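One structure is given below, encoded as structure tokens.
The values are calculated or read from the model by the stated rules, or taken from the named source; none is laboratory data. Note that this is a predicted model, so its numbers are computed, not measured. Neighbour counts are summed over all protein chains in view; Cβ atoms, including those assigned to glycine, are modelled from backbone coordinates with ideal geometry. Keep in mind that these areas ignore ligands, DNA and RNA; they rest on the heavy atoms of the full protein, side chains included. Shrake-Rupley method; radii C 1.70, N 1.55, O 1.52, S 1.80 Å.
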Amino acid sequence: MFCPECGVDHHAEERAAKPTEADVEIARIQAKRDVEIARLSAGVEKSWNETMHDANLAAAEGVIEGMVTGAELVNPEPDPAAAEPVIISTDIAPEPEPELDAPPPPAAAESEPEEKEPASKASTGWWGNYPK
């Protein structure tokens with residue numbers, strides 16, 4: 001309908017946009033296509049996630065196995081038959097006390113002191129070693 005004030009058909013686009021049977025059928029086909037693509041993508045994604053989960057699980061098991069092997073190499077389990085028990089005694093024997101009435105130990109035999117050569121007059125110490 002035309003506008004009585006300006007004479008322009010303002011709603012012409014709305015009337016032209018009414019879907020036809022062909023447009024409805026195309027939309028149905030496209031919707032069916034989108035649903036099928038989503039279903040296939042979900043199956044592929046599920047398969048991909050399961051594969052990645054299995055791969056990550058195998059990698060983690062390998063790391064754990066390597067850690068256990070390394071720990072066994074560093075700290076091997078002792079052979080129970082070869083191990084002997086360690087006995088720690090807490091009884092400490094006291095040291096004997098010296099006797100107070102005992103005579104002192106004998107002194108070293110006194111010998112006559114050796115005669116030293118007299119110091120020369122030229123050598124009177126550190127300053128005297130210089131030539132004159």
If R₀ is 35 angstrom, what is the calculated FRET efficiency for the pair ASP91 and VAL68, using the beta carbon separation as r and rounding to 0.05? 0.20
If ligands, DNA and RNA are left out, what is the accessible area of VAL68 with a 1.4 Å probe, given in Å² to the nearest 10? 70
Spin-label point model (7 Å from Cα, Cβ direction): what's the ALA60 to GLU45 distance in nm? 2.2
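On full extension of the chain, what length is gained from ASP34 through GLU5, given 0.36 nm per residue of separation minus the C-alpha to C-alpha distance?
Extra length from ASP34 to GLU5 when fully extended: 5.8 nm.
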Simple label model, 7 Å out from Cα along Cβ direction - GLU25 to GLU84, nm: 10.1
Express in nm, to one decimal, how much length is gained between HIS53 and GLU99 on full extension, taking 0.36 nm for each residue of separation and deducting their alpha carbon distance. 8.2 nm
Heavy-atom accessible area with a 1.4 angstrom probe orders ARG15, ARG28, most exposed first, as ARG28, ARG15
